Amino acid sequence: MEGVPALFYGSGVESFAIPTNGAILACPIAVNVSWARLGHISKTGPEELGYRLKVGEPCVSCRLFKPCNGRSLYTHFEML
């Protein structure tokens, strides 16, 4: 996947959400979308998690990308 590896707040790289079902999510508000599911606490090790989701187009070509940084994974992947 092309793009930049991380957002400024580390979502999906150094911070994750784990709801009561044990899923490991890249974004705490993306509980019902498949792109955010990175694994499960009983099956996925820490070494398998970071840098799997990247912010790509149209964000990385935008002149405001540096200050915006793609806003959030949810906003980028859902194109809100």
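Residue under question is VAL13, and the condition is that it be surrounded by 15 or more Cβ atoms within 10 Å (Cβ to Cβ) and either in contact with a helix residue (DSSP H, G or I) (Cβ under 7 Å, 6 or more places away or on another chain) or at pLDDT 80 or above (or both); does it hold?
For VAL13, the condition - surrounded by 15 or more Cβ atoms within 10 Å (Cβ to Cβ) and either in contact with a helix residue (DSSP H, G or I) (Cβ under 7 Å, 6 or more places away or on another chain) or at pLDDT 80 or above (or both) - is not met.
Among all residue pairs at least 6 apart or on different chains, which show Cβ distances below 9 Å where the first residue, located in region 44-73, is surrounded by fewer than 11 Cβ atoms within 10 Å (Cβ to Cβ) and the second is modelled with pLDDT of 85 or more and not in a helix (DSSP H, G or I)?
From residues that are surrounded by fewer than 11 Cβ atoms within 10 Å (Cβ to Cβ), the pairs are GLY45/GLY39.
What are the residues in region 30-69 that are of a type in the set (S, T, N, Q) and within 17 Å of SER15 (Cβ to Cβ), if any?
THR44, ASN69
So GLU48 passes all but one of these: (1) farther than 14 Å from TYR74 by Cβ; (2) modelled with pLDDT of 85 or more; (3) out of contact with any strand residue (DSSP E or B) (no Cβ under 9 Å at 6 or more places or on another chain). Which condition number does it fail?
Condition not satisfied by GLU48: (3).
The values are calculated or read from the model by the stated rules, or taken from the named source; none is laboratory data. All values reported here derive from a predicted model rather than from experimental measurement. Glycine also receives a Cβ, built like all others from the backbone with ideal geometry; neighbour counts cover every protein chain displayed.
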